[in-house]
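To start, the structure itself, in structure tokens.
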Amino acid sequence: MSDTKPDTPEITMLESGYEKSDVELKKLFPLTATVLIFLVISIVLLNDFLIRSEEQQYYESVLKPKSQELMEVRQRADSLLSSYGRDELDPDVYRIPIDRAMQKLVEENAR
């Protein structure tokens, strides 16, 4: 038995150190197109979500109508701070407007 080698020796990729065939673009193109389409759709959907979230936050903080109860409480507080009268809990205590009270406090401390 003799060691005979074939006329065209097969050299594998490991033996030569590099790949001798090129990438098949016909197989690579659909995968690349699918990834790009998925990426574009994801970016568009994320952008839409962020815009809607921002608009909702703006509506909640700026444009949402105030409740009737809150408006009544603020009106009552304003009327108590800007009018003369007696305290509801202690009738011996009198209430003066806040501006007048601050003015009197400054006058007393100036002496």
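The values are calculated or read from the model by the stated rules, or taken from the named source; none is laboratory data. Computed from a prediction, not measured in an experiment: that's the story for all the values here. Cβ sites come from the backbone with ideal geometry, for glycine too, and all protein chains shown count toward neighbours.
Identify the single condition in (1) more than 34 Å from the chain's Cα centre (by Cα); (2) modelled with pLDDT of 90 or more that residue 54 does not satisfy, given that it satisfies every other one.
(1)
Taking interchain pairs and intrachain pairs at least six residues apart, which have beta carbon atoms under 9 angstrom, with the first residue in segment 88-108 and more than 18 Å from residue 77 (Cα to Cα) and the second outside any helix (DSSP H, G or I)?
Filtered contacts from segment 88-108: 92/86; 104/96.
Taking segment 77-111 on its own, how many of its residues are of a type in the set (A, V, I, L, M, F, W, C) and within 45 Å of the chain's Cα centre (by Cα)? Can you show your working first?
We begin by selecting, within segment 77-111, every residue of a type in the set (A, V, I, L, M, F, W, C); these are 77, 80-81, 89, 93, 96, 98, 101-102, 105-106, 110.
Remaining after also requiring within 45 Å of the chain's Cα centre (by Cα): 77, 80-81, 98, 101-102.
Number of matching residues: 6.
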